[in-house]
Every structure is written in C-alpha cells, then in structure tokens.
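The values are calculated or read from the model by the stated rules, or taken from the named source; none is laboratory data. The model shown is predicted, which means the values in this text are computed figures rather than measured ones. Ideal geometry is used to build each Cβ from the backbone, glycine not excepted, and the neighbour counts take in all protein chains shown. Just so you know, the surface numbers come from the protein's heavy atoms only, side chains and all, with ligands and any DNA or RNA stripped out. Shrake-Rupley method; radii C 1.70, N 1.55, O 1.52, S 1.80 Å.
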Amino acid sequence: MADRTINLEREGDVAVIKLSNPPLNLFTDTAFDELMDCLDQVEASDARALVWRSSGDIFSGGVDVAGFQRVVDAGADQADRFAKPLIVGVRRLEALEIPTLALIHGLCLTAGLEVALGCDIIWAEEGSQFGLVEAVVGLTAGAGGTQRMAERAGPARAREFVMTRGLYDAATLERWGVVNRVVGDGEVHEKGMRFAERLASGPTKAHAATKRIVRAYLEGGIDKADRDTPKVAASLFETEDLKGAVKSFLEEGPGNATFEGR
C-alpha cells in the first residue's frame with residue numbers, strides 16, 4: 001500500500017493537515033479520501049484551530065493529470081464522481097466550527113489552492129504563486145475554486161483568474177482580497193503557527209459564532225445576517241468562556257481572561 005499523502009498532526013490545540021507527496025505534492029486518487037479522514041478526526045477532536053499546509057519547496061502542483069485520463073477512460077457519465085468528493089471535502093472544511101488557516105509557500109495550484117480557499121484565512125509568502133490552471137487540459141476548477149475566488153475577489157477577477165490559466169503572485173491576491181497576509185519567504189510556517197496558536201487560545205465558541213454570521217451574510221446578505229445575529233450572539237451567554245471573561249473583566253480589567261473553548 002502506498003504511503004498516505006495527506007496526514008493529520010497536532011501541535012497543542014492546533015490541528016495541522018499536511019500534504020506531503022514530494023517533489024510536486026500532487027493530489028493522487030486517494031488524496032481527498034485522506035483529507036476526509038483527517039476531517040473526521042478533527043471533527044471528533046478537541047482541536048481549537050486548524051492549519052492547512054504542505055512540506056517541501058512547492059505547496060502543491062495540483063491534481064495528478066494521470067487521474068484525468070482515468071476519468072476520460074471511464075466515460076463522461078462517471079465524471080461527476082470525480083468532482084463531487086472534492087467539493088464535499090472543501091465544504092466540510094468550511095463547516096468546521098474552529099478557525100482555519102492556510103499557510104502557503106512556493107507554487108500553489110488547483111486542488112491545493114481550492115482547499116486553501118475553503119479556509120477562513122490565507123497567509124502566503126512573498127514568493128508564492130497561485131493558479132487555477134485546469135483550462136490547460138480543457139477543464140475548469142472542479143473543487144469549487146472558481147466560486148470561492150468569486151466570493152473573495154469578485155466574479156470578474158474570478159473569470160480572469162481561471163480563464164487565463166495564469167500564475168498570480170501573493171501581492172496581487174492580497175490586493176484582490178483572496179490572501180489575508182503576505183510574509184517574507186521562509187517565514188509563513190513559523191509566523192502562521194504563532195497566529196494559529198493565538199486563534200486557538202481565544203474564545204472558540206465565539207469564533208464559531210463569527211463564522212456562522214459571516215456564512216449567513218454570504219448566503220443572504222446583510223438582511224439574513226441581521227436576522228441570525230441576535231440568536232447566534234445570545235447563545236454565547238451560556239458559554240463558560242463568556243461567563244469567565246466577563247467576571248475577569250469586572251474584577252481585573254480587560255485582557256486578563258483565559259479561554260478554554262467551552
């Protein structure tokens with residue numbers, strides 16, 4: 001049996017899903033099953049933040065094109081079986097009730113980027129390059145990358161990004177609102193993990209509430225978010241973290257509370 005290419009690690013309260021398939025970190029036929037397995041473990045764990053990253057010099061060269069040939073050989077009626085699991089994996093990542101952070105370095109293409117777009121926050125090194133280049137083989141992004149680029153950067157830029165088959169640098173995607181923060185080359189893992197640890201030490205239930213409100217906005221605009229916010233926010237008054245933080249604020253002043261994720 002071949003070695004797994006996507007594995008789950010743990011650094012304190014931070015779960016780390018790591019892609020490791022050198023030299024190009026390609027997504028194989030089993031990669032999304034492995035991602036699903038990692039998500040199963042995260043959902044069942046007490047992790048309070050998640051990082052998506054890879055090892056080596058290249059973040060990911062995308063999907064192994066040999067897999068496309070197997071889909072061609074199987075026939076077009078089987079093609080949806082290829083795309084659906086990819087989207088399901090990304091949607092499960094989006095649905096996690098903990099902050100999620102993608103840490104990108106080097107070249108980040110197709111499936112590797114599409115998983116990153118399912119994260120709440122993306123950090124990238126200055127030298128990173130990004131692309132949804134499936135049009136090179138007559139395809140379009142199959143794991144939801146097009147629509148998630150549109151969500152972050154707008155539909156016009158999403159069309160350009162996918163149709164041109166081009167590579168875009170981190171500074172451009174930061175300007176577009178796709179990448180949250182650009183750091184120096186060789187720094188994203190150290191700085192990104194410190195940031196993930198900061199998120200993990202925060203009020204986990206409140207972070208989950210923030211994610212629900214943002215999702216409500218994306219699904220139904222400000223009107224839906226306004227309808228949902230009172231109920232979502234009210235539920236936090238039952239959490240141990242809020243009760244403890246309010247008590248700490250009143251007795252010790254701001255900034256002294258500790259959170260347990262409950």
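If one puts a single equal scatterer on every Cα of the chain and applies the Debye formula without solvent, what log₁₀ I(q)/I(0) results at q = 0.13, 0.16 Å⁻¹?
The Cα Debye sum returns log10 ratios of -0.87, -1.26.
Please find, in a Gaussian network model of the chain (springs between Cα atoms separated by less than 10 Å), the residue of 129, 69, 41 whose mean-square fluctuation is greatest.
Of 129, 69, 41, the most mobile in the Gaussian network model is 69.
Just to be sure I understand: with springs between alpha-carbon atoms less than 10 Å apart, which residue in 149, 36, 163 has the highest mean-square fluctuation in the Gaussian network model of the chain?
Result for the chain, Cα springs under 10 Å: 163 fluctuates most.
Once you put a point 7 Å from the Cα of residue 88 and another 7 Å from the Cα of residue 258, both along the Cβ direction, what distance in nm separates them?
Each label point is offset 7 Å from its Cα along the Cβ direction, giving 4.1 nm.
How would 90, 214, 133 rank on accessible area, largest to smallest, probe 1.4 Å?
214, 133, 90
Ignoring everything except DSSP H segments at least 4 long, calculate the 222 nm mean residue ellipticity for the chain; use -39,500 (n - 2.57) per segment, divide by total residues, nearest 500.
It lands at -15500 deg cm²/dmol.
Which whole-angstrom value gives the distance between the alpha carbon centres of the stretch 105-162 and the stretch 188-216?
The stretch 105-162 and the stretch 188-216 have Cα centres spaced 22 Å from each other.
Between beta-carbons, use under 9 Å as the cut-off and find the net charge around residue 170, counting Lys and Arg +1, Asp and Glu -1.
-4
Leaving out ligands and nucleic acids, and using a 1.4 Å probe, what accessible area per residue does the stretch 132-186 come to in Å²?
Working: 2730 Å² over 55 residues.
Per-residue accessible area for the stretch 132-186 comes out at 50 Å².
Which whole number of Å³ per residue matches the convex hull of the alpha-carbon atoms in the stretch 158-228?
Considering the Cα atoms of the stretch 158-228, their hull volume per residue is 119 Å³.
How large is the Kirkwood hydrodynamic radius of the stretch 81-186, in angstrom, based on all distinct alpha carbon pairs?
For the stretch 81-186, the Kirkwood estimate is 13.7 Å.
Which distance in Å, rounded to a whole number, links the C-alpha centroids of the stretch 1-37 and the stretch 226-262?
35 Å
For 120, 241, 3, what's the largest-to-smallest order of accessible area, 1.4 Å probe?
From most accessible down to least: 3, 120, 241.
Residues with beta-carbon under 14 Å from that of residue 61, excluding residue 61: net charge, scoring Lys, Arg +1 and Asp, Glu -1?
-4
Where Lys and Arg each count +1 and Asp and Glu each count -1, what net charge lies around residue 201 among other residues with Cβ under 9 Å from its Cβ?
Working: positive: 48, 198; negative: 13, 197.
Net local charge, residue 201 excluded: 0.
Using Cα-Cα distances under 8 Å and only pairs 6 or more residues apart, what relative contact order does the chain have, in percent?
Numbers: 452 pairs, mean separation 41.4, N = 262.
Relative contact order comes out at 16 percent.
Multiply the residue gap between residue 40 and residue 175 by 0.36 nm, knock off their C-alpha separation, and tell me the result in nm, one decimal place.
Details: separation 135, 0.36 × 135 = 48.60 nm, distance 3.42 nm.
This chain segment gains 45.2 nm when fully extended.
Along Cα→Cβ, 7 Å out, is where each label goes; now give me the distance between the ones at residue 140 and residue 159 in nm to one decimal.
That separation, rounded to one decimal, is 1.1 nm.
Of 168, 217, which has the most accessible area and how do the rest follow, probe 1.4 Å?
217, 168
Between residue 251 and residue 151, what is the label-point separation in nm under the 7 Å Cα-to-beta-carbon projection?
4.1 nm
With 29 Å as the limit, write out which pairs from 18/247; 211/243; 18/224; 18/205; 205/247 have Cα-Cα distances beyond it, or answer none. Walk me through the intermediate numbers first.
Numbers: 18/247 39 Å; 211/243 21 Å; 18/224 35 Å; 18/205 25 Å; 205/247 17 Å.
From the list (18/247; 211/243; 18/224; 18/205; 205/247), the Cα-Cα distance tops 29 Å for 18/247; 18/224.
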